[in-house]
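Each value in this text was obtained by applying a stated rule to the coordinates, not by laboratory testing. Bear in mind that the values here come from a model prediction, so they are computed numbers and not experimental data. Neighbour counts run over all protein chains shown; Cβ positions are idealised from the backbone, glycine included.
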Amino acid sequence: MNANVSPRVTPGLDIQAGGLLNINSASAQLQVHSCLGTAYTRLNGTIDCKNACTSTSYSNFQLGKVFVSPGTSTGLIRTQTAYVPLADLTRAADNNFWGWNSDYGGTVEYYGTSAISLALYSRYEYYTLKVSCPQLSLYTTTDVVGELALTGGKLALNGKTLRIRGTIRYGTGHHLIGDPSARLEVVGKLSSPISPGLTTYLISSQGVSGINCRNLALRFGGAASGQSLKTLWLYREDAVELQSPLDIYDTLNLETGILRTSTANLLTVLNTNPTAVLHHTTGWFMVYYGFVSGPLRRYIGSGGGYDFPCRVSEPHQLLCRLGPFAAASPSSAAAAGDSEPERP
């Protein structure tokens with residue numbers, strides 16, 4: 001292990017911008033702690049774990065609380081395995097590398113020439129998550145507060161939940177890989193009721209410094225099954241653009257925000273239950289906070305009325321309802337788009 005470390009300001013480790021700590025062996029030991037429980041790692045440089053953090057050796061490396069300096073951070077932890085060093089789980093601003101209660105944080109990068117599948121004891125909360133291996137597969141519900149950087153590889157949801165609060169940056173040929181069991185929660189900077197048990201302090205409810213979180217794009221690949229989700233939940237303050245076809249097997253929940261689609265990037269809800277598309281309304285005039293700007297295709301069963309919360313000339317008064325259908329074929333489909341819909 002070699003390091004470029006500055007004098008410590010608080011008990012622990014201080015790696016300044018441009019500094020590098022290489023962990024070259026799984027048998028090495030790095031324990032940042034104190035008897036008062038106030039040990040910190042200030043990480044504005046890089047910790048490169050290489051292949052040292054494994055399922056049996058990751059506990060050799062304990063960073064305590066990890067924080068970065070205010071502003072756009074250069075703090076980076078790199079690993080070629082599914083593991084990074086252990087860290088304090090206190091969800092406070094002085095542990096902000098992970099994006100907790102802060103509008104800035106650090107980056108965890110999974111890199112190498114082989115695909116990596118996250119596992120038990122892998123990290124599942126990130127400020128910035130960077131994929132620089134061919135494919136990274138999720139193990140459990142995963143939060144990304146700032147940026148998901150798919151600049152060097154793909155991210156497979158693997159039947160799990162991905163919660164993105166910031167933005168996604170794509171490299172050439174890289175995308176999300178969905179599946180019929182996966183769930184995507186597209187959340188904004190405001191505290192959200194989307195997931196039970198998700199409190200406002202779990203991850204940042206602030207703005208995200210140094211990252212353009214506006215106009216998030218969703219791009220799926222991996223044949224037809226990769227362009228699918230069980231559930232898509234939108235709770236966003238701005239517009240989200242779909243840049244590939246996407247099939248929803250269970251529920252499309254449009255709580256707030258705009259989901260932009262097109263004929264080439266068609267959103268299809270396969271669930272024939274009339275309640276498979278949910279949208280938030282308020283007031284006597286039925287003002288719709290969440291809606292689709294562009295075409296939406298729904299599969300229709302027998303009985304019930306089907307809502308199409310799609311944009312018209314008045315951006316927030318936008319419901320088209322088809323049905324009820326007495327005996328329609330479950331395989332039939334209907335679509336609504338930017339044209340003026342029929343009012344219920």
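Annotations for the structure displayed:
- Annotation: extensible slack from Tyr139 through Asp238 equals 32.7 nm (criterion: 0.36 nm per residue apart, minus Cα-Cα distance).
- Taking a sphere under 14 Å around the Cβ of Asn95 and counting the other residues whose Cβ falls inside, with K and R at +1 and D and E at -1, yields a net charge of +1.
- Kirkwood-type hydrodynamic radius, the stretch 72-183: 14.0 Å, calculated from all non-identical alpha-carbon pairs.
- Per-pair calculated FRET efficiency, R0 = 45 Å: Thr275 and Thr56 via Cβ, rounded to 0.05: 0.45
- Of all lysines in the structure, the ones whose alpha carbon falls short of 17 Å from that of Lys130, not counting any fewer than 8 places away in one chain, are Lys50, Lys154.
- Considering only the stretch 87-144, percent of DSSP beta bridges that pair antiparallel, nearest 5: 0 percent
- Extending 7 Å from Cα along the Cβ direction at Ala223 and again at Ser27 yields two label points whose distance is 4.5 nm.
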